Amino acid sequence: MKPTFHQLRIFRTVAEETSYTKAAKRLHLSQPAVSMQVKQLEEAVGMPLLEQIGKKLFLTEAGEILSACAADIAERMQQTSEMIAQLQGVQRGNLKISVATTASYFVINIIKKFSEMYPQININLDVTNRSSLIEQLANNDRDIIIMGEPPQTLDLIARPFMDNPLVMITAIDNPLTKRKKLKIEELRNQTFVIRESGSGTRAAIERVFEKAGVDIHSTIEMSSNEAIKQAVQAGLGLAIVSRHTVKLELDTGNLATLNVSNFPIMRKWYLVHPAGKTLSPLAKLFESFVTEYKNEVFDEH
Ligand code: PGA
């Protein structure tokens, strides 16, 4: 039995219409052409598929079986062509991603891996702080946003995908590194190098100090994690930063962490977009790529 797709399609239409004439009209074919295809199909199957009783056309038992099979095939073909169209759509195009300054430390790795797999996709990456990300979400002008804490004030879809622990760092020669356990209250008189207002890291730190009832006396503000690391290495003060930003310095012994109660501050990274937004196939691809490959390309230590 070797029916062709063409024959099956014609037969299915005749079965649905229970009329050669109506099927021919729907298919934009002549009525004899339709009858001929059904006849050839019957020969291929080796059994009659339709029977004429009076003026009415009925499906035989074999006809019912083949009609159901033709419907299944048509549905699978439809799904397959949608999948292929989607695949073609996501092989090329533009993707606008915005990430929190702090997230750039690991996002670069994932973009590297992503563009190796999809070299024809152009990526525009905006690295900015939390408050500009919130503005971008409100204006719906980016495809994907990676941030530390989705704002409650906007209607968003936010998927947590990775931990973002904040650690307290210091220069390696600070005597406090000898202390096994420090209470946050004991650090009241220290100088802290902190991020600019608008930074998510800074907002999280402020909450922790406020909860502990500790008022920091002396702060030096800097708008870059890199500058903060250098300042701390130079002995300007302590800082609280995402562990992602200091992986290298901790591994090479250029910075140390302090063992402070309630630290690390546990936060999460989220993939975020406005709730009403229809994600492009490219954006969906990137989101699942991040979720799928995070363990491979992100170092969570
Ligand atoms: P940021 O990071 O401090 O670079 O704004 C965002 C966040 O941690 O929420």
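How many residues does the stretch 138-155 hold that are open to solvent by 30 Å² or more (accessible area, probe 1.4 Å) and among the hydrophobic types (A, V, I, L, M, F, W, C)? Going through the stretch 138-155 one residue at a time, the tally reaches 2. In summary, Leu279 fulfils each of the numbered conditions (1) out of contact with any helix residue (DSSP H, G or I) (no Cβ under 6 Å at 6 or more places or on another chain); (2) assigned by TED's automatic domain parsing to the domain that holds Ala171; (3) not aromatic (Phe, Trp, Tyr) with the single exception of condition (2). Entry remark, the stretch 196-212: residues being within 7 Å of the ligand (Cβ to nearest atom) and either free of Cβ contacts under 8 Å to residues at least 40 places away in the same chain or assigned by TED's automatic domain parsing to the domain that holds Gly148 (or both) number 1 in total.
For Arg188, state whether it is open to solvent by 20 Å² or more (accessible area, probe 1.4 Å) and either outside the structural domain of Arg130 (by TED's automatic domain parsing) or within 16 Å of the ligand (Cβ to nearest atom) (or both). Can you show your working first?
Working: open to solvent by 20 Å² or more (accessible area, probe 1.4 Å): yes; either outside the structural domain of Arg130 (by TED's automatic domain parsing) or within 16 Å of the ligand (Cβ to nearest atom) (or both): yes.
Taking the combined requirement at face value, the residue satisfies it.
In the stretch 156-177, of all residues being in a loop (DSSP other than H, G, I, E, B) and either within 15 Å of the chain's Cα centre (by Cα) or among the aliphatic types (A, V, I, L, M) (or both), the one that is surrounded by the fewest Cβ atoms within 10 Å (Cβ to Cβ) corresponds to Ile172. I'd like the full set of residues that are away from the ligand (no atom under 16 Å from the Cβ), more than 15 Å from the chain's Cα centre (by Cα) and open to solvent by 40 Å² or more (accessible area, probe 1.4 Å), limited to the stretch 119-137. Within the stretch 119-137, Pro119, Gln120, Asn122, Asn124 meet the criteria. Scanning the stretch 239-259 for any residue that is under 28 Å from Val127 (Cβ atoms), within 34 Å of the chain's Cα centre (by Cα), exposed (fewer than 15 other Cβ atoms within 10 Å of the Cβ) and charged (D, E, K, R) turns up at least one such residue. Asp141 passes every criterion in (1) away from the ligand (no atom under 15 Å from the Cβ); (2) modelled with pLDDT of 90 or more; (3) outside any strand (DSSP E or B) apart from (2). Restricting the search to the stretch 37-62, which residues are assigned to a loop (DSSP other than H, G, I, E, B) and open to solvent by less than 100 Å² (accessible area, probe 1.4 Å)? The answer is Gly46, Pro48, Leu49, Gly54, Thr60.
The values are calculated or read from the model by the stated rules, or taken from the named source; none is laboratory data. This is a predicted model, so every value here is computed, not measured. Here the Cβ is made from the backbone with ideal geometry for all residues, glycine too, and neighbour counts use every protein chain on show. Note: accessible area is taken over every heavy atom of the protein model, side chains too, but ligands, DNA and RNA are not part of it. Shrake-Rupley method; radii C 1.70, N 1.55, O 1.52, S 1.80 Å.
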